[in-house]
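For reference, the structure discussed in these notes is given below.
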Amino acid sequence: MLAILNAMVAVTPAPLSLEHLIVQVEACVRTGGEGCGAVASFLGLVRATHQGRSVRYLEYEAFDALALKAFQQIQQEAGQQWPNSALGIVHRTGRLTVGEASVAIVAATAHRAEAFQVCRYAIERVKQIAPVWKHEFFDDGEAWVEGALTDPFDEAARARALVIACA
């Protein structure tokens with residue numbers, strides 16, 4: 001089931017498209033402030049190995065309504081830290097094979113350094129607070145990877161994500 005909060009955040013079983021998200025995000029900053037001078041993107045892919053084990057496929061599950069709220073919160077936090085920025089976050093659910101995209105993040109700002117920072121901040125916060133869980137299937141078994149464990153309003157966690165993004 002496709003769950004959309006606004007044009008730039010979604011949880012979907014469909015393959016991800018950076019191009020569509022880029023158009024949506026860039027349009028938001030095109031005419032505001034200094035306009036759009038940079039778009040940065042992050043595409044998280046299913047790896048072939050994890051901790052030395054061969055991955056066959058992954059299954060992602062999400063609490064859609066809360067994931068969308070978390071993505072919207074991340075958008076708001078980014079907007080406070082980087083005024084005149086725009087951010088899009090789309091996470092895929094269901095069965096994904098090696099090489100398929102699980103998460104797409106696009107950030108648009110007036111300047112390139114900020115675009116990279118917003119993008120990095122967003123993936124760090126997704127990992128911290130979004131209720132998305134990963135079930136990994138290997139050649140020799142399976143394992144659940146813990147999802148977000150951080151309180152979305154934990155300021156120390158938010159500060160850690162900011163430090164990583166701006167390193």
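Read the figures in this text as sums done on the coordinates, not as results from a lab. Quick caveat, the model's predicted, so the values are computed rather than measured. Using ideal geometry, Cβ is built from the backbone for each residue, glycine included, and neighbour counts are taken over all protein chains shown.
Is it the case that Glu77 is closer than 30 Å to Asp140 by Cα, out of contact with any Cys (no Cβ under 9 Å at 6 or more places or on another chain), of a type in the set (D, E, K, R) and in contact (Cβ under 8 Å) with a residue 12 or more places away in the chain?
Values: closer than 30 Å to Asp140 by Cα: no; out of contact with any Cys (no Cβ under 9 Å at 6 or more places or on another chain): yes; of a type in the set (D, E, K, R): yes; in contact (Cβ under 8 Å) with a residue 12 or more places away in the chain: yes.
In short, no.
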His135 meets each of (1) under 18 Å from Leu16 (Cα atoms); (2) in contact with an Asp or Glu (Cβ under 6 Å, 6 or more places away or on another chain) with one exception, condition (1)
How many residues of region 114-143 are farther than 22 Å from Ala48 by Cα and free of Cβ contacts under 8 Å to residues at least 40 places away in the same chain? The answer is 1
Note to self: Within region 144-166, does at least one residue satisfy the condition of being in contact (Cβ under 8 Å) with a residue 12 or more places away in the chain, assigned to a helix (DSSP H, G or I) and out of contact with any helix residue (DSSP H, G or I) (no Cβ under 7 Å at 6 or more places or on another chain)?
What the structure shows: yes
Selection over region 68-98 where residues are buried (at least 20 other Cβ atoms within 10 Å of the Cβ) and either among the β-branched types (Val, Ile, Thr) or at positive phi (or both) yields a count of 4
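Are any residues in region 128-142 over 16 Å from the mean Cα position of the chain (by Cα) and buried (at least 19 other Cβ atoms within 10 Å of the Cβ), and if so, which ones?
From region 128-142, those over 16 Å from the mean Cα position of the chain (by Cα) are 135-142; that's our starting set.
Answer for region 128-142, where residues must be over 16 Å from the mean Cα position of the chain (by Cα) and buried (at least 19 other Cβ atoms within 10 Å of the Cβ): just Glu136.
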Is there a residue in region 11-32 that is in contact with a Ser or Thr (Cβ under 9 Å, 6 or more places away or on another chain), surrounded by fewer than 16 Cβ atoms within 10 Å (Cβ to Cβ) and under 26 Å from Val163 (Cα atoms)? no
For region 143-167, the count of residues that are surrounded by 11 or more Cβ atoms within 10 Å (Cβ to Cβ) and not β-branched (Val, Ile, Thr) equals 14
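Could you list, in sequence order, all residues of region 87-127 that are assigned to a strand (DSSP E or B), more than 21 Å from Tyr60 (Cα to Cα) and under 13 Å from the mean Cα position of the chain (by Cα)? Break it down stepwise before answering.
Filtering region 87-127 down to residues assigned to a strand (DSSP E or B) leaves 87-92, 94-97, 101-109.
Applying the additional criterion that residues be more than 21 Å from Tyr60 (Cα to Cα) yields 87, 107-109.
Listed by number, the residues that qualify are Leu87, Ala107.
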Contact list, first residue from region 34-51 and free of Cβ contacts under 8 Å to residues at least 12 places away in the same chain and within 16 Å of Gly99 (Cβ to Cβ), second anywhere and basic (Lys, Arg) and surrounded by 15 or more Cβ atoms within 10 Å (Cβ to Cβ), beta-carbon distance below 7 Å, six or more apart or interchain, is none
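Does region 52-67 include one or more residues that are small (Gly, Ala, Ser), in a strand (DSSP E or B) and loosely packed, with under 15 Cβ neighbours inside 10 Å? Working first, answer last.
The first filter runs over region 52-67 and keeps only residues small (Gly, Ala, Ser), leaving 52, 54, 62, 65, 67.
Narrowing the set further to residues that are in a strand (DSSP E or B) leaves 54, 62.
With loosely packed, with under 15 Cβ neighbours inside 10 Å added as a condition, the list becomes 54.
Yes, region 52-67 has at least one match.
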